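Beneath this line is the structure, given in structure tokens, with notes to follow.
Read-outs: derived from the displayed coordinates by stated rules, not from any lab. Keep in mind it's a predicted model, so treat the numbers as computed, not measured. Quick reminder, even Gly has a Cβ in these numbers, built from the backbone with ideal geometry, and neighbours come from all protein chains shown.
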Amino acid sequence: MTVQFYQNYSREVMQSLDLMPWQEIGRMVQILHRARLESRQIFVIGNGGSASTASHMACDLNKNTILPGVPRFKVIALTDNMATLSAYANDLGYENIFAEQLANYGESGDILVAISTSGNSPNVLRAVERAHELGIFTIGWTGYAGGKLAGLVELPLIVPNDCVEQIEDIHMILEHMVTVALRKAAQTVHVAPIVTELVAMEPVAIEPVAMDMSLLHS
């Protein structure tokens, strides 16, 4: 391969980044920040490379956002228990490996981040359908034209690109960007008095909270 190939690859990734739906990404950060303050669970799913992104996201949000006096994230990658995945796949079909886990753990007001480069992975779509039944708010990360996932979730984030490797590259960049934005968001709030109040509150629907949008680019 020539240097030109590598330069073109980098240029295509940058072009897609420039076209990302930044307002929707900001809304996702607000929703995840609110979920943290309310001690909601956040589930992340995906297949193949997207499964690795799901695991990476759970690790980063759980570990890299820890701050004194701030509730910790409760992020679970439903991709990580091989015994559970193989049991559901063997007995109920691969398309049910995430939906069945959601039935175990999911509660109304939780969040599901569903990652699929094509937007058409049957097990991801089935999980989103189950999430709707459980009252879980759904966010979809996809690429190409969005696939079926874009029309099924409540908040779709589509990478405008048709190269699966570049879509996965940008999903990873997005994961790191969101982690940094959420860490910075937590640094700007005083949550100790809020936590006591939230314990006694009835579950409420997730609503966006005000946040400095410049955190996404700092």
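Of the residues making up the range 153-169, just one is over 12 Å from the mean Cα position of the chain (by Cα), among the aliphatic types (A, V, I, L, M) and surrounded by fewer than 21 Cβ atoms within 10 Å (Cβ to Cβ), namely 164.
Only one of the listed residues (104, 120) is assigned to a loop (DSSP other than H, G, I, E, B) and either touching a Lys or Arg at 6+ places or on another chain (Cβ under 8 Å) or surrounded by fewer than 24 Cβ atoms within 10 Å (Cβ to Cβ) (or both). That residue is 120.
Condition check ((1) among the aliphatic types (A, V, I, L, M); (2) closer than 14 Å to residue 141 by Cβ; (3) touching a Cys at 6+ places or on another chain (Cβ under 6 Å); (4) exposed (fewer than 15 other Cβ atoms within 10 Å of the Cβ)) across all residues:
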| residue | (1), (2), (3), (4) |
| --- | --- |
| 8 | no, no, no, yes |
| 13 | yes, no, no, no |
| 29 | yes, yes, no, no |
| 42 | yes, yes, no, no |
| 64 | no, no, no, yes |
| 89 | yes, no, no, no |
| 96 | no, no, no, no |
| 113 | yes, yes, no, no |
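Residue check: residue 39 meets all listed conditions (1) on the phi < 0 side of the Ramachandran plot; (2) hydroxyl-bearing (Ser, Thr, Tyr); (3) outside any helix (DSSP H, G or I) but one, namely (1).
Scanning the range 28-86 for residues that are closer than 20 Å to residue 168 by Cα, out of contact with any Ser or Thr (no Cβ under 7 Å at 6 or more places or on another chain), touching a residue at least 60 places away in the same chain (Cβ under 8 Å) and among the small types (Gly, Ala, Ser) yields a total of 1.
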